[in-house]
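The values are calculated or read from the model by the stated rules, or taken from the named source; none is laboratory data. Just so it is clear, the model here is predicted, and its values are computed rather than measured. Neighbour counts are summed over all protein chains in view; Cβ atoms, including those assigned to glycine, are modelled from backbone coordinates with ideal geometry. These area figures cover heavy atoms from the full protein model, side chains too; ligands, DNA and RNA do not enter into them. Shrake-Rupley method; radii C 1.70, N 1.55, O 1.52, S 1.80 Å.
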Amino acid sequence: PHPGNILVSPWVRGNPDSSETRRGFDLVLLDHGMYRRLDPTFRRAYCELWCALAVREPQRGHRAVEAMGLPVAHYDMMSLLLTNKTPGSASRLGQRLSQEERAELKRTWGPPSARQVNDF
């Protein structure tokens, strides 16, 4: 997805004038490609991964990918796949990677191959 397909939707639960009112936000992903039903555990972990990527909390992201059944080492790859950014990228969501970051990715991962995609 690109930044135009990610929305933050505020919500209020309870009476807005009450001290017990809860406020929060939902992350809404639009036009995300093919769909299937996700079991609740995986869905929650996937949501946690998106939250971790959005607020740049790698430890939270590591726990999320483990809960999704992936090795922690796949966190960096998931970050690249979902945000087109490395977890440590200096660029914000919606911005392009710097030339230096792109060069580092090429050094780290090399040219992508069908084998890498299948292995992943």
(Q) Take the residues in segment 64-96 that are within 21 Å of V28 (Cα to Cα) and basic (K, R); name whichever of them is most open to solvent (accessible area, probe 1.4 Å). (A) R92
**Q.** Flag for R43 being of a type outside the set (G, A, S), more than 23 Å from W109 (Cα to Cα) and either part of a loop (DSSP other than H, G, I, E, B) or modelled with pLDDT of 95 or more (or both)
**A.** no
**Q.** Positions within segment 93-120 being under 14 Å from the mean Cα position of the chain (by Cα) and either of a type in the set (G, A, S) or at pLDDT 75 or above (or both), in sequence order
**A.** G94
Q: Out of the residues in segment 8-29 that are open to solvent by 60 Å² or more (accessible area, probe 1.4 Å) and either in a helix (DSSP H, G or I) or closer than 24 Å to A67 by Cβ (or both), state the one that is modelled with the lowest pLDDT.
A: L27
Q: Tell me which of these K85 doesn't satisfy, since it passes every other one: (1) part of a helix (DSSP H, G or I); (2) basic (K, R); (3) within 22 Å of N5 (Cα to Cα).
A: (1)
